[in-house]
1. Grab the helices (runs of 4 or more DSSP H) fully contained in region 480-526, keeping just those with 3 or more residues being among the polar types (S, T, N, Q) and in contact with a helix residue (DSSP H, G or I) (Cβ under 8 Å, 6 or more places away or on another chain).
2. Residue check: is F751 of a type in the set (F, W, Y) and within 22 Å of R660 (Cα to Cα)?
3. Quick one: in region 379-406, of everything that is within 35 Å of the chain's Cα centre (by Cα) and aliphatic (A, V, I, L, M), which residue is nearest to S287 (Cα to Cα)?
4. Being buried (at least 20 other Cβ atoms within 10 Å of the Cβ), in a helix (DSSP H, G or I), in contact with a strand residue (DSSP E or B) (Cβ under 8 Å, 6 or more places away or on another chain) and outside the structural domain of E179 (by TED's automatic domain parsing) is true for just one of L373, L346, L342. Which residue is that?
5. Go through region 658-676 and give me each residue that's part of a loop (DSSP other than H, G, I, E, B) and either within 30 Å of V696 (Cα to Cα) or under 28 Å from the mean Cα position of the chain (by Cα) (or both).
6. Output the number of residues of region 389-400 satisfying the condition of being surrounded by fewer than 20 Cβ atoms within 10 Å (Cβ to Cβ), touching a residue at least 60 places away in the same chain (Cβ under 8 Å) and in contact with a strand residue (DSSP E or B) (Cβ under 8 Å, 6 or more places away or on another chain).
7. Can you go through A719, A712 and tell me which one is in contact with an Asp or Glu (Cβ under 8 Å, 6 or more places away or on another chain) and assigned by TED's automatic domain parsing to the domain that holds F774?
8. Could you grab me the full set of residues in region 832-847 that are at pLDDT 95 or above and outside any strand (DSSP E or B)?
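The values are calculated or read from the model by the stated rules, or taken from the named source; none is laboratory data. Not measured: the values here are computed from a predicted model. Quick reminder, even Gly has a Cβ in these numbers, built from the backbone with ideal geometry, and neighbours come from all protein chains shown.
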Amino acid sequence: MAEPHKQEEHFDVLTKTGEKTGLSKSRYDFLYYAEPRKQEEHFDLLSYMFNCFSGGPSAIKSGRSSLMKIINISGGLSPSCVIMVPFYCQLLEWLKIHWVSSVLYLSQIVWEKKGDVHRDGDYHRAVHVWIFAESTQELLLQLRADCKDSWAGLWDISSAGHISAGDSSLETARRELQEELGVILPKDAFELIFIFLHETSTNGGQFINNEFEDVYLVTTLDPIPLEAFTLQESEVSAVKYIHYLEYKNLLANEDPEYVPYDVNAQQYGQLFDIIARRYKVDNVARSLSLQKQLQRYASVSLNVELTGLSDADKGALDLLIKAAAIMDEIFNLQVWYSNPYLRDWLEKHAAASQLDKLKWAYYLINKTPWSCLDENEAYLTTADSAIKLLPEATRRVSGWKGLEYKAAFPSQKPPGANFYPPDMDKMEFTQWKDSLPEDQQNIVAGFFSVIKRHSESNSDSSSPGSINHLEGPKYDLYNVPFSQEYNSFLSKAAELLRKAGDRTSSPSLRRLLHSKADAFLSNDYYESDIAWMELDSKLDVTIGPYETYEDTLFGYKATFEAFIGIRDDKGTAQVLEQNLPMDDAYKSKDVSAAPIRVVQLLYNAGDVKGPQTVAFNLPNDERIVKDRGTSMVMLKNVSEAKFKHILQPIADVCITNEQREFVDFDSFFTHTICHECCHGIGPHSITLPNGKKSTVRLELQELHSALEEAKADIVGLWALRFLTLQGLLPGASLKSVYATFLVGCFRSVRFGLLEAHGKGQALQFNWLYEKEAFVLNPDETFSVNFDKVEDAVESLSREILTIQARGDKESAKLLLQKYGVMSEPLKLALHNLEQIQVPVDIAPEFPVANGILGKKQF
């Protein structure tokens, strides 16, 4: 039986684990009210279960069957304990699957005392910080003090320490480095390179170390002079530098003067492999690789005529282009906090060599160190990043200018971008959000704010004390509105927009620009979005925070973007809502007709990296969608460029000869129109089964973007058939519509399955292929089965719309897991396209805008 004080810990763990796993709290909250005898039974079972948990996945697996045997033969369990048996079994099953993340979480709930952790062998979390000198390829080691409980007097990591309950990983790393070595660095010096489980024991088994370690790398340009360190005598006796390969060899040979680490690739060998990959690189091979990546984009010049603009609008255009360029500055910061330094460094050194020129050219397309077309795989490393000088980081040394470090970024793209603290997980955010009043919950989960930590240092862009922020009790997180976080940029943009509004001859454009300027400073975008929807001007402007694709953690936060174009007066709109293939109970009752604006794109900026959009449907604010609907902007010259350089060549490779003639631009462009229309209809604001009002975005979270793109595509395809049969699209050919859509599947899937459009397109292709609507022929070309495609399109439309209407995240997850994959037919098509190097997308150049901004064509 568990000791009395341990019972409370068990219950606390069970409660928090139930919250994390999603297992119903109602099934165990009666434990507080159980009679003492029944409590003992529960805690005996809990003790057994957590013993299994500590033993790892295999013990959990066997523990489930053993638990059932114990229950079956006991015969004496009270009814309340019998009721709980399914929960215990579910929990063990969940722990088996999510063992590592469970340890990371549970260790911070219960085990807080450092001595008890190592005495009892409890699993816990810690940080390791390595300082690496780039010029000498050396790692900094510390000599552990003689008074240490373990490995006393041996050479070890630069700095390390436990993560206490309630503390964050990154702030612990910064604190330990400061306390032990006197080195004070901002968060952009720390690169989380891997996490691993370190299981060792020493002192005759009296010191047991079962530790999940977050391993950080700090890259300095040169070794730090040893006299610049301020050592914490209770922890560190001395420091020294050693070449990383020599140190690896000492560890491999188990040198008794060094704390032992397993240097195989699955354990601490990762540190040495990462360093080797960065600095033992073939620059010729790397240049060839970057050239190959660049060749996937067809360079296209979008030279738009301004003859239709009035002189007043031409005067406003200069100011608008400059305001739009500021969206680049904000977006660079939204992606990752060291990204602006990386951008400036690459631009400054682009002429240094052919490799540096290629780095900058590919960065201009991706706007980040992660390649959009390669599942966000990093094509740069911290070794390529900016050098920053921080003289105050250590004790000053005569003749030394101070510490120079590389502005770090992780090799894996952070799912929360720079909207959330880098070491925050979904559970921490959710628990904090749920502690807030409901109106504040909506704000922190809204589009227009970032989430920060109180424990962040003053080196960040803002200080908690100077911000009007939202916070819950006992939590480290707080909310900062965009208007304050990006105030320096938004103030400049607002000034330019206001001046442009004063110059234009269009009343609706003046209203939009003035209201958007106000929104930048107030953080309230409602009126400016209404003004955008009602824009009736030859000069078309979209600017502000809109899309949420970068926030793959939740899908809550919007990135800044800008599109400036000249309106093409040929446009139309259709209203489709009441004919959608879904149950009437889920249809929106009040849908406003939305205008379509066809535009020749003159300039874009901000979140326009990688594959270029051909259209967009805005706003995304569910309040406006419910009240006013949406508006669509179609970028016709971008669509024409994509059809010419990408779709037509794909059709020549992937589509059977008999159906190739059906592929045409009109079908491609018309489907794009319907795609954007269908973003604005269907479920948005919904009522959950429990009667709670919510939105599809909030319920589906990180799955929303991919499913929404799939919905817009497949319902747009359904809509084209409906409109054609109604005689609303004279001259349209359904065979052309379906054949061109098939070609488009191969185009979008090439964006990668981590990208919302690519994943959504894979879902559609695989569903239709399974339903035999798409057919793979013996000659490795594809064709449409016109007899089966209509039913397949309608069935997928119904499936997605129903999931959205119910806010059913679990069904969305299952659908994407099954169909949002790179199937064998897709792999075959992409392989054939790779063989003849058909471009994946376009890289636009904007001669008019570049002239205004004084940019040279790269």
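1. Working: elements: 482-485, 487-503, 507-522.
Of the helices (runs of 4 or more DSSP H) lying wholly inside region 480-526, those with at least 3 residues that are among the polar types (S, T, N, Q) and in contact with a helix residue (DSSP H, G or I) (Cβ under 8 Å, 6 or more places away or on another chain) span 507-522.
2. Judged against the criteria, F751 is not a match.
3. Selected residue: L380.
4. Step by step, each of L373, L346, L342 is checked, and only L373 is buried (at least 20 other Cβ atoms within 10 Å of the Cβ), in a helix (DSSP H, G or I), in contact with a strand residue (DSSP E or B) (Cβ under 8 Å, 6 or more places away or on another chain) and outside the structural domain of E179 (by TED's automatic domain parsing).
5. Looking only at region 658-676, we keep the residues that are part of a loop (DSSP other than H, G, I, E, B), and these are 661-664.
Residues satisfying the conditions do not exist here.
6. Residues in region 389-400 being surrounded by fewer than 20 Cβ atoms within 10 Å (Cβ to Cβ), touching a residue at least 60 places away in the same chain (Cβ under 8 Å) and in contact with a strand residue (DSSP E or B) (Cβ under 8 Å, 6 or more places away or on another chain): 1 in total.
7. A712
8. Keep residues of region 832-847 that are at pLDDT 95 or above, which gives 841-847.
Those that are at pLDDT 95 or above and outside any strand (DSSP E or B): F846, P847.
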